[in-house]
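Here is the structure we will look at.
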Amino acid sequence: MTLQALSEHFNRPDLTEHLRRFLHGQENPHSEIPPDEIPLRQCPVVNSRSRIRVFPSAVATFYAPSDNSGVGGMRRERIRAVSSWYHGPGRYDCVFVGTDPSQEGMRGLHAARVRLLFSFRHKDITYPCALVEWFEVVDNEPDDCTGMWIVEPEFGADATPNTSVIHLDSILRLAHLIPVYGEDPLPADFDPATNLSHGGRKT
């Protein structure tokens, strides 16, 4: 599938821009300017006819010594991004993305929802990637009652989800987000398949 066909199929007209900003970050790993603030004209050009391979899942292998999950605490988890799961609604898993290795715990991570898993080649280098929608933390500290961090979907100035293309190597593991429970009953038309589109999540 070409980049243009992929953008049209998944209704992601900004995918080419995300790829260009991603490549700028790969080629300038020590840049202190966030990728979304780089002028697009300074980013590498991507041919709209570039071939893209799409995958329904990826496997994360990580070290978790607190889990009794094998020799030395090694674990493997499958991350999925599919438009239909068992003939039902789509499944787009949430993950932890390493964003600041100098910080410990959640302060060095961001929660994100994987919308697309794919790979492409640029200058003879194959990049395994994910298109993600970001969550942002609500406070600077975990919740006093539960000890968990509260996150909510991050939106841009145009009220659309804040999305990026990231390298698969930056994904650490799956993230399980649960609601922030209130006292009001859920509406009768509540759809659990779309509940991550709203604010108030803990991780």
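The values are calculated or read from the model by the stated rules, or taken from the named source; none is laboratory data. Here the structure is a predicted model, which is why all the values come from computation and not from measurement. Glycine gets a Cβ as well: all are built from the backbone with ideal geometry, and neighbour counts include every protein chain shown. Keep in mind that these areas ignore ligands, DNA and RNA; they rest on the heavy atoms of the full protein, side chains included. Shrake-Rupley method; radii C 1.70, N 1.55, O 1.52, S 1.80 Å.
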**Q.** Which numbered condition residue 120 misses (of (1) in contact (Cβ under 8 Å) with a residue 40 or more places away in the chain; (2) closer than 15 Å to residue 95 by Cβ)
**A.** (2)
**Q.** Residues satisfying the stated conditions in region 58-75, i.e. modelled with pLDDT of 85 or more and exposed (fewer than 14 other Cβ atoms within 10 Å of the Cβ)
**A.** 59
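Answer yes if at least one residue in region 121-133 is exposed (fewer than 13 other Cβ atoms within 10 Å of the Cβ) and more than 22 Å from residue 27 (Cβ to Cβ), and no otherwise.
no
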Q) Can you tell me which residue in region 159-183 is nearest to residue 115 (Cα to Cα), limited to those that are at pLDDT below 85 and in a loop (DSSP other than H, G, I, E, B)? A) 180
(Q) I'm told residue 113 meets every condition in (1) at pLDDT 90 or above; (2) open to solvent by 40 Å² or more (accessible area, probe 1.4 Å) except one. Can you identify the failing condition by its number? (A) (2)
Q. Yes or no: residue 161 within 25 Å of residue 23 (Cα to Cα), surrounded by 11 or more Cβ atoms within 10 Å (Cβ to Cβ) and not basic (Lys, Arg)?
A. yes
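Which of the residues that make up region 35-46 are open to solvent by less than 90 Å² (accessible area, probe 1.4 Å) and either polar (S, T, N, Q) or touching a Gly at 6+ places or on another chain (Cβ under 7 Å) (or both)?
Of everything in region 35-46, just one residue is open to solvent by less than 90 Å² (accessible area, probe 1.4 Å) and either polar (S, T, N, Q) or touching a Gly at 6+ places or on another chain (Cβ under 7 Å) (or both), namely 35.
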**Q.** Given (1) modelled with pLDDT under 90; (2) open to solvent by 90 Å² or more (accessible area, probe 1.4 Å); (3) of a type in the set (Lys, Arg), index of the condition residue 78 fails
**A.** (1)
Q: Identify the residue in region 18-42 that is of a type in the set (A, V, I, L, M, F, W, C) and in contact with a helix residue (DSSP H, G or I) (Cβ under 9 Å, 6 or more places away or on another chain) and, among all such residues, is nearest to residue 116 (Cα to Cα).
A: 19
